Amino acid sequence: MASGTILIIEDNAVNMKLFTLMLETAGYTVIGAENAEVGLPLAEMKQPDLILMDIGLPGMDGLEATRRLKQNPRTRHIPVVAVTAHSLRSDREQALAAGCSDFLAKPSRMKDFLDCVAANMPRTARSTDPSTPN
Ligand code: MN
C-alpha cells in the first residue's frame, strides 16, 4: 500500500470524487479543496506530501496558485502535479514554468494516474512502506 497525504485542489466534483477514490484505494490520505483560495491555506496548515492542482479553477487559477505555493517558504518544498483537460505542449510548459513538478492530462488511465503520483511523492512520505527499500 502507498502512504502519504495528498491535497487535491479541483473544482469539478466528479473529478474530485474519482481522484479521491483512486488515491484512497491505493492507500493515500486525501484532503480536498474546491478552489485555490481554500487550498492554499490548507496546504500551509496540513503540510501534505504532494498537491494535485487543477489548472482551470474559478477565481485564482492553478498556475497562479502554484506560483504562490512556490513563493511561500512554508509550502515551496511540496511537489505540485498539474492536472488539466488539455495536454497541449504549451500547457505543460506553462505548468512547469509556474513551478509544477509534473503534469497529468485528464482523463487519464488509473495506472498512469497512480504511477505519476507515486513518482512525484517525496521519499520521506514513502519510508513507512516496507516494500520500498531505504
Ligand atoms: Mn477545473
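In the range 9-18, which residues are touching a Pro at 6+ places or on another chain (Cβ under 9 Å), touching a residue at least 40 places away in the same chain (Cβ under 8 Å) and not polar (S, T, N, Q)?
Here is the first cut: in the range 9-18, the residues touching a Pro at 6+ places or on another chain (Cβ under 9 Å) are 11, 15, 18.
With the extra rule that they be touching a residue at least 40 places away in the same chain (Cβ under 8 Å), the set shrinks to 11, 15.
Selection gives ASP11 alone.
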Take the residues of the range 7-22 that are within 11 Å of the ligand (Cβ to nearest atom) and exposed (fewer than 13 other Cβ atoms within 10 Å of the Cβ): which is modelled with the highest pLDDT? ALA13
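Residue-wise test of (1) more than 16 Å from the ligand (Cβ to nearest atom); (2) open to solvent by 60 Å² or more (accessible area, probe 1.4 Å); (3) of a type in the set (Asp, Glu).
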{"position": "THR5", "(1), (2), (3)": "yes, no, no"}
{"position": "GLU24", "(1), (2), (3)": "yes, yes, yes"}
{"position": "GLU37", "(1), (2), (3)": "no, yes, yes"}
{"position": "LEU50", "(1), (2), (3)": "yes, no, no"}
{"position": "PRO58", "(1), (2), (3)": "no, yes, no"}
Within the range 115-134, residues at pLDDT 85 or above and open to solvent by 30 Å² or more (accessible area, probe 1.4 Å) come out as ASP115, ALA118, ALA119, PRO122
Restricting to the range 96-114, give me the number of residues that are exposed (fewer than 15 other Cβ atoms within 10 Å of the Cβ) and either among the aliphatic types (A, V, I, L, M) or at pLDDT 95 or above (or both). 3
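Do we find that LYS46 is under 18 Å from LEU114 (Cβ atoms) and surrounded by fewer than 17 Cβ atoms within 10 Å (Cβ to Cβ) in this structure? Explain how you work it out, then say what you get.
On the way: under 18 Å from LEU114 (Cβ atoms): no; surrounded by fewer than 17 Cβ atoms within 10 Å (Cβ to Cβ): yes.
No.
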Within the range 63-95, considering residues that are charged (D, E, K, R) and modelled with pLDDT under 95, the one surrounded by the fewest Cβ atoms within 10 Å (Cβ to Cβ): ARG89
Name the pairs whose Cβ atoms lie under 6 Å apart, with the first residue in the range 86-108 and within 20 Å of GLN71 (Cβ to Cβ), the second open to solvent by less than 100 Å² (accessible area, probe 1.4 Å) and among the polar types (S, T, N, Q), and 6 or more positions between them or separate chains? ALA98/THR66; GLY99/THR66; CYS100/THR66; SER101/ASN120; ASP102/ASN120
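The values are calculated or read from the model by the stated rules, or taken from the named source; none is laboratory data. This structure is a prediction, so every number in the text was calculated from the model and none was measured. Ideal geometry is used to build each Cβ from the backbone, glycine not excepted, and the neighbour counts take in all protein chains shown. Heavy atoms of the whole protein, side chains included, go into the accessibility calculation; ligands, DNA and RNA do not. Shrake-Rupley method; radii C 1.70, N 1.55, O 1.52, S 1.80 Å.
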